[in-house]
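The values are calculated or read from the model by the stated rules, or taken from the named source; none is laboratory data. Quick caveat: nothing in here was measured; it's all calculated off a predicted structure. Cβ sites come from the backbone with ideal geometry, for glycine too, and all protein chains shown count toward neighbours. Each accessible area value is taken on the protein alone, full model and side chains, heavy atoms only, with ligands, DNA and RNA left out. Shrake-Rupley method; radii C 1.70, N 1.55, O 1.52, S 1.80 Å.
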Amino acid sequence: MKNIYGLTIEEMENYFLEHNSKKFHALQLFLWLYEKRVESFDEMTNIKKELLEQISSDYSIERLKIVDVQEDVDVCKYLFELHDGEHIEAVLMRHDYGNSICVSSQVGCNMGCKFCESGRRKKVRNLETYEMVLQILMIEKLLGERISHVVVMGIGEPFDNYDNLIKFFQIINHPKGLAIGARHITVSTCGLVPKILEFSDFPLQINLAVSLHAPNNEIRNKIMPINKVYPIEQVMNALNVYIKKTNRRLTFEYILLNDINDTDECALELAKLVKNMNCYINLIPYNETNNLDFKRTNTVQIMRFYDILKKNNVSVTIRREFGGNISAACGQLRSKKEEL
Ligand code: SF4
């Protein structure tokens, strides 16, 4: 049975029209789900009983299970159990500007980035839209606070689950849904060129982040297998189309890996690559894990890399680190409970 949290308001309207009922019930239903936050159809007192019976025979209103919560300073990691017994994680980060959550989009991931713990497990399946929506809704309930920012950077390649992702954006951005502003939502991709081009026509002003992690094909091929399918030139061409169409600034994510992509030459090459692009680079100090051999770049070299980019007029930041102590940092999420 499908889950009600996976429906956009337009889909609900169509549902009601198909059942010889009125469109406005969709708005009522949205208000019950996302404003009043009821957890059963019976509580929706202003919708006719027969209609509720119809809906409940077509849709489940079941939530996910949160089976583990781990906390660290300003960060909290939640392990969710899905209806088929699979697991995914989401991470809450507290910033001075609000609460941000990093959402997963797949169980496992097929992209195989060599430095990524989350990608060690092959993709088992895409997350359904409702499974993404409920990560936010349930964490908000547990916290008793609103989530103001969402990044889709957890387990999975979001653009490999494009249709469900788009519906997720429509639901969480809708003013009667979770009402999270599009500019407060960011999606990250490792560079799926056809989807970057498709996304450039998506009307919501959602931010795009691209996991670049190397300034040339030679290095990128070694650490990101997807580069053999979509090499850097193709990714950059697609991103230039995206910037031209949307007029939005994009973010490049760059994980600094000791002696792999963190040399002065790499910094210079990177500066040249993004020259004149409407973008900024987010440098991410690597979080070492027991399972992977990569080492973290030392702080002196991180600063040198940063300075070289700055001197070459590149907008650059170093990401504030969250959650290293509870394996909640970038690239450390897992989709298997027993591995925790
Ligand atoms: S970095 Fe992202 S795309 Fe790459 S393997 Fe990890 S989860 Fe997948």
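Some points to look at:
- Under 5 Å from the amide H of L333 lie the amide H atoms of S118, each residue being 5 or more positions distant or on a separate chain, with H modelled from the backbone and absent for Pro and chain starts.
- Partners of K48 within straight-line reach, counting lysines whose Cα lies under 19 Å from its Cα and excluding those fewer than 8 residues away in the same chain: K22, K23, K36.
- Net length available on complete extension from V241 to R146 is 30.7 nm, with 0.36 nm assigned per residue and the Cα-Cα distance removed.
- For segment 265-279, 3J(HN,Hα) per residue [Karplus equation, 6.51 cos²θ - 1.76 cosθ + 1.60, θ = phi - 60°, Hz, x = Gly/Pro]: 4, 4, 4, 5, 5, 5, 4, 5, 4, 9, 3, 6, 8, 7, 7
- Highest average packing first - 290-299, 224-233, Cβ atoms within 10 Å: 224-233, 290-299
- In sequence order, segment 294-309 has phi-based couplings of 5, 10, 6, 5, 6, 4, 4, 5, 4, 5, 4, 4, 4, 5, 4, 4 Hz under the Karplus curve 6.51 cos²θ - 1.76 cosθ + 1.60, θ = phi - 60°, and Gly or Pro positions carry x.
- Calculation over all alpha carbon pairs of segment 241-286 in 10 angstrom steps from 0 returns a P(r) of 24, 49, 22, 5 percent.
- Per residue, the convex hull spanned by the alpha carbons of segment 1-118 comes to 164 Å³.
- Accessible-area value, R146, 1.4 Å probe, nucleic acids and ligands omitted, Å²: 130
- Across all directions, the average projected area of the convex hull around the alpha carbons of the chain is 17.1 nm².
- Computed E for R320/N278 - FRET, C-beta separation, R0 25 angstrom, nearest 0.05: 0.60
- The chain: antiparallel DSSP beta bridges as a percent of all, rounded to 5: 45
- In this structure F202 has an accessible area near 20 Å², from a 1.4 Å probe over the protein heavy atoms.
- Largest first, the three principal axis extents of the alpha carbons in segment 49-100 are 48, 29, 11 Å in whole numbers.
- Partners of K2 within straight-line reach, counting aspartates and glutamates whose Cα lies under 13 Å from its Cα and excluding those fewer than 8 residues away in the same chain: E11, D58, E62, E128, E131.
- Full extension of the chain segment joining K36 with Q205 gains 58.2 nm, where the gain is 0.36 nm per residue of separation less the Cα-Cα distance.
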